[in-house]
Every structure is written in C-alpha cells, then in structure tokens.
Amino acid sequence: MNAVLFIAFGLLSGALGASLPAKQQTQITNKKFPSSFLWGTATASAQIEGAWNEDGKGESIWDHWLHEDPSRSDDHKNADVACDSYHKWREDIQLLKELGVKLYRFSIAWPRILPTGYLDSYNQAGVDYYVNFVKELLANDITPLVTLYHWDLPQTLQEQGGWLNDSTADRFGEYARIVFQNLGPYVKLWTTVNEPHTTCTEGYGNGEMAPGIKMIGDGIYQCARTQILAHAIGYHIYHDEFAATQGGKVSLVLDATYNMPATDSEDDKTATEWEYEFNLGWFAHPIYIGNWPQIMIDRVAKRSAMEGLSGSRLPAWSDDEIEFVKGTFDFFGLNHYTSTIVSAIDEPAAGEPNFYLDTGVSTTHGDDWVNSTASWLWSYPYGMRGLLNYVWKNYNPGEIYVTENGWSSDPTLNDQTRIDYLQGYLSNMLDAILEDGVNVAGYTTWSFMDNFEWAKGYTQRYGIINVDFDSDNRTRTFKDSAKWYQRTVSTYCLVEQCEE
Ligand code: NOJ
C-alpha cells in the first residue's frame, strides 16, 4: 500500500470509538416468537466439508490459493479436512436434530458438481452426495435452505478471470440449472450468491481473500456486476424452468451493517446514507429497486473525473440489464453481525482509485460496545432491529430470512459472551417482528459448528458447537450457547419464562 493510501485508510477507519445512544442497553423481551418462526443454523461447504479432492471434486479458488501459499491464512492452515463434514454428514444431521432446529442453511460446492466449472466435467458423485444429504434432512424434519455459491469458485473459472469475466455468470447459470434439476424436488428455499459485498471487497479489492486480486478501484465493481448478473440468471432459470413444478423461492444473501450518524448534523446523516448505499445498496438496489444507487453512480463518476479518467469506473448497466436484474427476489436473505457510527469527512484528494475513497465517509464503533475475537465484530444488539426496519422500508421484500448472525470467540465451551450477543440480537429481532411489523420468517445462526474461517484459518470460532480440530475424529461438543439455543428453539422464548 502506498503512503497516500495508507493515510487515507487511517482517516477512513476512524481509530477512535464514539459514544452513542444507549439504545443498546437492551431489555430482553419476555414475549414469545410466533409459532411459525423457523429456527436454524448455518454453514458453508468450503468451511466444513473438507474432502477437497475426493469423489471427483475439482479444485476451488480457496483450495488453490492456500495450497499455493499457506501463509495466506493466519494460522497457515487450509480447509483440506476442515470439520470433515463430507464424511460426518449423518452425524451432523443428528446434531441438528438434537439442537431441535427446523431449518438448516448450507451451501453446495460448485466444484463438486462441475469440477472445472464447465458442463463437460459433470460429476454424478457430487450430485448424489447432496441429494442424499437433503433427503436425510427432510427425513429428520429439517428444511434445507441452500446457497449455490458460498465462495468456492472452481479454480478453472478463475483462470478465465473469475468474477471479472461476464461469462462466469453464464457458467453459474449452467451450474444452477443442474442443481435445481436434481435437488429441486426436495429444496424449496434457495439463495444464489452469498455476500457478494465481501467477496468483491476482499477477493478483488484488498486481496485478503481468494483469489487475492487487488483492484480496489475497478475490479471490485466488475466483480459486483458479474455476481449480480449471475444471481439474476439463476433466478430467471428457476422461475422460467422450475418454479411452476417445484414451487420454491429464490433470492440471494446480502450482508449489511446497521449504520447511524455520529451526530445530528445533516452532513453526518448524509454520510450515513452513503455508507448504506456503498455497503448494502450496491447490491440491494439493482435487485430490489433497479440500477445502482444514484449516490454510488454520482460518487464514482465524480471521483473518476477527479482522477482524470474519461469515464466512470462503475460499469453502467444497459436498460435491458436493469430490467433483467430488477425484481429477481422472492425474499430477502440478510446477514447481520455488527453496526457502525458514521461521520462525514472532507472530500479526499484525488489519488489512486479506491472504493473506500469513493464511499467518502469515516466509520467507527461505540466506546461501550463489546468486541468479539474478530476485530470487525462489535456487539450492538439494537442494530438488528434498526437494520431489519431499514431493509423492510427501503426494499419492500415481503419476507426476510436472517441467514447469518453470530459471534466469534475462542474455542471455549463456556461461551457466555456468545449467549449475551445472541440473546440481545434475537430480542431486537423479535421487537422488529412484533412491534414494527417486519416479516422475518426464519433465522439461521452462524454457525452450527466451529469451522474454517477463511483467511483467519481456525483462529476465530463462530460455532455454537465446538469442533476439536486436533482430533482425527473432529469431535463435536455442545458449547453453553448450543444448550441455550436448544432451549430457545424449543420454547420460542429468550428468557426463563415468557408471557403466555
Ligand atoms: C459471513 C460469511 O458468509 C461466512 O462464510 C463467515 O464465516 C462469517 N461471515 C463470519 O465471518
């Protein structure tokens, strides 16, 4: 990173915390969740399965990136074995049953189905694995919520440019069609791509995640465009070819922070809108409303002009593309972990093109917020209610599934901080449902079990179930939070005794 950028990052990341509304001193509600509420847990293929090259599976970008240079993850470990769920899937389903959850969000490894990403590499063993898996879930009365792309792109497609190449969206469509054909009779809840915001900023922006590309001024936007197109192609394939007979729903999973202005000033309020648009609107606006957010169009155009470029670094959508993408949702899949406090800053001087300079705000967290073992994850329980309301009002999705929400700790079984976090966030979720009328149909906490946390390796544990990564057996043990969650999902109540 050059000196100018380094200074800009220092400025934007806001080293100092700030004091904010005491809204976060949440009183845990003693009301009950609606009896129709679907309680669940979540994982992703690349983070739990292991068996990275078994039964015909192709190499994914994460396999490739960490095999090429193990030091790219904090503990120099990879996901070759991870939780070994590829072999232990029956045991895992029994654990889900023991927890009492009715919904399980997991993902399909694209390179198990199409090892090279191309149709001629079709791998029946991969398809069979997931068909057996969803049948077993259903036999145990657990509804599958399936993500098609949770970051394990076939490496062969990366070699053609990955998400910088529009044709990857077409390859995604071909893959999605195979999965719908084979699993569609059993699966009724689908999400196409998971957290494109994260894969584009980290995988194509700062290069801290696979495939490690550093194109923070332009590749990042191309990545977003291709993933949005991939999502829309998958959505249309489902609705044109399968929905009538299979009757399922399709959306995508977007991650978002709840953002609040540091002061009541108009400048900070405007900055907060900008933060929302560059964080969530970037993806939600094209799909739920149509086209990029206007603020994003204007800001990237302005900064591109300041940089002396002849056009905007933000790729424009054609009118046909806007129509093709708009409305491609049947619900909203929301991942929410943390919140930010936003301040306006002076327009940063023109320098190297940079997404964060395009956003043009400063963000921080509150002085009194509790930090997890992940530096970015601070607890602000009210954020759940605030964000659900934001999504409900701005995107009008009809129905929301909270597809991820969770806490990073050390591997301890006595994880009271996780219970505190979940209790506070769930209480605010229930307030959003009962007090504000937001339709949240289900919730899959992240994560069912400790797993491979990408470039953090196994140093950050999100599971409510502990996994002993030192044992060949990858022994699973309920943490206190799993016991707490077990009780919660059976009583629909967050405290000892709820009002009837
Ligand atoms: C979101 C991602 O979808 C998931 O893969 C990751 O493990 C969690 N956040 C925690 O960082």
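Before moving on, here are some points about what is shown:
- Two-site FRET efficiency, Q497 against L434, from Cβ-Cβ distance with R₀ of 25 Å, rounded to 0.05: 0.90
- Here the peptides 127-138, 49-60 are ranked by packing, the mean other Cβ count within 10 Å, and the order with the highest first is 49-60, 127-138.
- T147 long-range amide H proximity, modeled H, under 5 Å: F106, S107, I108, T191
- Hits among lysines - C-alpha to C-alpha of K135 under 27 Å, sequence gap 8 or more where chains match: K57, K88, K97, K102, K188, K249, K483
- Highest-first arrangement of 259-266, 351-358, where packing means the average Cβ count within 10 Å: 351-358, 259-266
- Using the Cβ-Cβ distance between R90 and D166 with R0 set to 45 Å, the FRET efficiency works out to roughly 0.65.
- Lacking any other cysteine beta-carbon closer than 4.7 Å, the following Cys residues of the chain have no compatible partner: C83.
- Taking a ≥ b ≥ c as the square roots of the eigenvalues of the Cα gyration tensor, the chain is classed as rounded, since a/c falls below 1.5.
- Inter-label distance for E347 and Q124, nm, one decimal - labels placed 7 Å from Cα along Cα-to-Cβ: 6.3 nm
- Positive minus negative residues near T459 (Lys, Arg vs Asp, Glu; Cβ under 12 Å): -2
- Sequence ranges 92-105, 67-80, 232-245, ranked by mean other-Cβ count within 10 angstrom, highest first: 92-105, 232-245, 67-80
- Taking the helices alone, the chain has a mean residue ellipticity at 222 nm of -11000 deg cm²/dmol, built from -39,500 (n - 2.57) per DSSP H run of at least 4 residues and averaged over all its residues.
- Heavy-atom surface analysis with a 1.4 Å probe gives segment 38-491 a carbon and sulfur content of 48 percent of its accessible area.
- Solvent exposure of the chain as accessible area per residue, Å², 1.4 Å probe: 36 Å²
- Gain in span if fully extended, D267 to S35, counting 0.36 nm per residue against the direct Cα distance: 79.2 nm
- R313 accessible area, 1.4 Å probe, all protein chains in place, Å² to nearest 10: 30 Å²
- Each label point was placed 7 Å from the Cα along the Cα-to-Cβ direction; for N414 and E208 their separation is 3.2 nm.
- Full-extension gain in nm, E307 to E174, via 0.36 nm per residue minus C-alpha separation: 44.0 nm
The values are calculated or read from the model by the stated rules, or taken from the named source; none is laboratory data. Treat the numbers as computed from the prediction; the structure is a model and nothing was measured. A quick note on method: Cβ atoms are made from the backbone with ideal geometry, for glycine too, and the neighbour counts reach across all protein chains shown. Ligands, DNA and RNA are excluded from the accessible area calculation, which covers all protein heavy atoms including side chains. Shrake-Rupley method; radii C 1.70, N 1.55, O 1.52, S 1.80 Å.
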